[in-house]
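The values are calculated or read from the model by the stated rules, or taken from the named source; none is laboratory data. All figures in this text were calculated on a predicted structure; none of them were measured in a lab. Positions of Cβ are backbone-derived with ideal geometry, glycine not excepted, and every protein chain shown enters the neighbour counts.
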């Protein structure tokens, strides 16, 4: 029996009088990649921010590994990595950016920080750019650095908001391979949103469509004919 890592039940979130999420239900399991589709303003980023504790005042039940998700619990936060609203200190190099971040978590002992940073940079193929200033990075390199930052605590769950935006075709393929590698080697559960339909159809094990404030479609990715056209209709 597959263990559920994240379960969301009846999640509601409003901004003023605007109801954004109207009862979200979903489950994520280890070692699987789930793609979240939806139009602009559908609430994809809001959903992710609720899970990450980046927004508050929502209703619903969120559980992580069978226990109520408490975003203020640093031990739990260390098990959930994210690529949502990531910003870097452009005048610092990649290594120092990661070191600044790692100092904010108590889940990694001081004597293990350097090795963890090096391992994360090597994993995203930035090992040779550790001392290069971020302002000299290409967009694709910044995306991989953001992924290294998300992986620094070796999370069990990874939440990525539009990880392919701005990447050229080679960059897209590189990130896709890194995500597959995470699932294959670490059993990480991954939830990502994207407007790039082809990448969702190619990469995911499961597909969700967020429409009208609810998950209007949830199923295994069966790679059927005319899949993209059908998904576009479901997003309307």
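Of note:
Residues checked against (1) over 24 Å from residue 6 (Cβ atoms); (2) within 18 Å of the chain's Cα centre (by Cα); (3) touching a residue at least 24 places away in the same chain (Cβ under 8 Å):
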site	(1), (2), (3)
90	yes, no, yes
113	yes, no, no
119	yes, no, no
146	no, yes, yes
156	no, yes, yes
166	yes, yes, yes
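- When residues in region 1-49 are screened for being out of contact with any strand residue (DSSP E or B) (no Cβ under 8 Å at 6 or more places or on another chain) and more than 18 Å from residue 71 (Cα to Cα), 9 of them pass.
- Scanning region 98-111 for residues that are closer than 26 Å to residue 46 by Cα and either touching a residue at least 40 places away in the same chain (Cβ under 8 Å) or part of a helix (DSSP H, G or I) (or both) turns up 98, 101, 102, 105.
- Scanning region 175-198 for residues that are crowded, with 16+ Cβ neighbours inside 10 Å, part of a helix (DSSP H, G or I) and in contact with a strand residue (DSSP E or B) (Cβ under 8 Å, 6 or more places away or on another chain) returns 179, 182, 183, 197.
- Whichever residue in region 55-96 is assigned to a helix (DSSP H, G or I) and at pLDDT 95 or above and, among such residues, is farthest from residue 182 (Cα to Cα): 96
- Enumerated strands (runs of 3 or more DSSP E) restricted to region 1-47, each holding at least 1 residues that are exposed (fewer than 14 other Cβ atoms within 10 Å of the Cβ) and in the same structural domain as residue 217 (by TED's automatic domain parsing): 6-15, 18-28
- Top-ranked residue of region 48-69 - restricted to ones that are surrounded by 13 or more Cβ atoms within 10 Å (Cβ to Cβ) and over 18 Å from the mean Cα position of the chain (by Cα), ranked as farthest from residue 13 (Cα to Cα): 60
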